[in-house]
Amino acid sequence: AQSVAQPEDQVNVAEGNPLTVKCTYSVSGNPYLFWYVQYPNRGLQFLLKYITGDNLVKGSYGFEAEFNKSQTSFHLKKPSALVSDSALYFCAVTYTGTASKLTFGTGTRLQVTL
Amino acid sequence: ETGVTQSPTHLIKTRGQQVTLRCSSQSGHNTVSWYQQALGQGPQFIFQYYREEENGRGNFPPRFSGLQFPNYSSELNVNALELDDSALYLCASSSGTSGVRQETQYFGPGTRLLVL
């Protein structure tokens, strides 16, 4: 079985400060990890993914994520937050043998204030 | 925008009725996955279709069924609607052959279903 945990329901950050949204996972094989963002009344937008290779993955809108196999984590980061980054962020995992079934965390709401 | 479209955007049904939701995949994509997102929750995998065949199913009862057409568009059908079926239904398309697990899934805007 595969699972994802996003331990924070909400993260509050001031604009211009760095942000981190946490994600830990559990899978039986090699994980494929994804971050998606959801704005109100919208579907999910793909930000970035880790498949293999470099543990630091760069994605859209200045976001990046670091894969840590020993800690089974895939935290989302951005050096300087913008008010427009305020949204709901989902971490997801899949692995070989799951028909590309994505298992999502419960989501973390990011609130960036001036 | 991803190029994945869904219809309708909103739908209200009563308990016991049947509903059909539609999804058009992004150009060049041959795989469609459906997810249910209840309020305040992450999306839950319903099933996936690859080249018109079901290619994996989540923990949903048989009254949730689907189809994929030769143009790779897809339908999700739910029979005997229950109140708990109220949710945002998301369709995602991806490319690649069956067994390629790391293809990115691109989501449509969703259909919000309310069951009264």
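Taking amide H as placed 1.01 Å from N in the peptide plane, residue A:23 has its amide H under 5 Å from the amide H of A:74, A:75, A:76, each at least 5 places away in sequence or on another chain.
Computed log10 I(q)/I(0) for chain B at 0.10, 0.17, 0.20 Å⁻¹: -0.26, -0.76, -1.04, from the Debye equation with unit scatterers placed on every C-alpha and solvent omitted.
What is region A:24-65 by shape, rounded, prolate or oblate, if you read a ≥ b ≥ c off the alpha carbon gyration tensor as root eigenvalues and call it rounded for a/c under 1.5, prolate for a/b larger than b/c, and oblate otherwise? Spell out each step's value before the answer.
Details: a/c = 3.11, a/b = 1.49, b/c = 2.09.
Oblate is the answer for region A:24-65, as a/c is 1.5 or above yet b/c matches or exceeds a/b.
Amide hydrogen proximity for residue A:87: with H placed 1.01 Å from N in the peptide plane, the residues at 5 or more positions away or on another chain lying under 5 Å are A:110.
Normalised by residue count, region A:59-114 yields a Cα convex hull volume of 106 Å³ per residue.
State log₁₀ I(q)/I(0) for the protein assembly as shown at q = 0.08 Å⁻¹ as given by the Debye formula over alpha-carbon point scatterers of equal weight, solvent excluded. Scattering profile of the protein assembly as shown, log10 relative to I(0): -0.28. The ranking of A:22, A:69 from fewest to most other beta carbons within 10 Å of each one's beta carbon is A:69, A:22.
Each pair of Cα atoms in chain A enters the Kirkwood radius, and Stokes-Einstein at 25 °C and 0.890 mPa s then converts it into a translational diffusion coefficient of 174 µm²/s. Taking label points 7 Å from Cα along the Cα-to-Cβ direction, residue B:63 and residue A:51 give a separation of 4.0 nm. Per residue of region B:60-65, what does 6.51 cos²θ - 1.76 cosθ + 1.60 with θ = phi - 60° give for ³J(HN,Hα)? Whole Hz please, x for Gly and Pro, Karplus curve as stated. For region B:60-65, the Karplus curve yields 10, x, x, 5, 8, 9 Hz.
Summing Lys and Arg as +1 and Asp and Glu as -1 over all other residues whose Cβ lies under 15 Å from the Cβ of residue B:18 gives a net charge of +1. With a cut-off of 12 Å between beta carbons, the residues surrounding residue B:38 carry a summed charge of -1, where Lys and Arg count +1 and Asp and Glu -1.
Read-outs: derived from the displayed coordinates by stated rules, not from any lab. Just so you know, these numbers come straight off a predicted model, no measurement behind them. Here the Cβ is made from the backbone with ideal geometry for all residues, glycine too, and neighbour counts use every protein chain on show.
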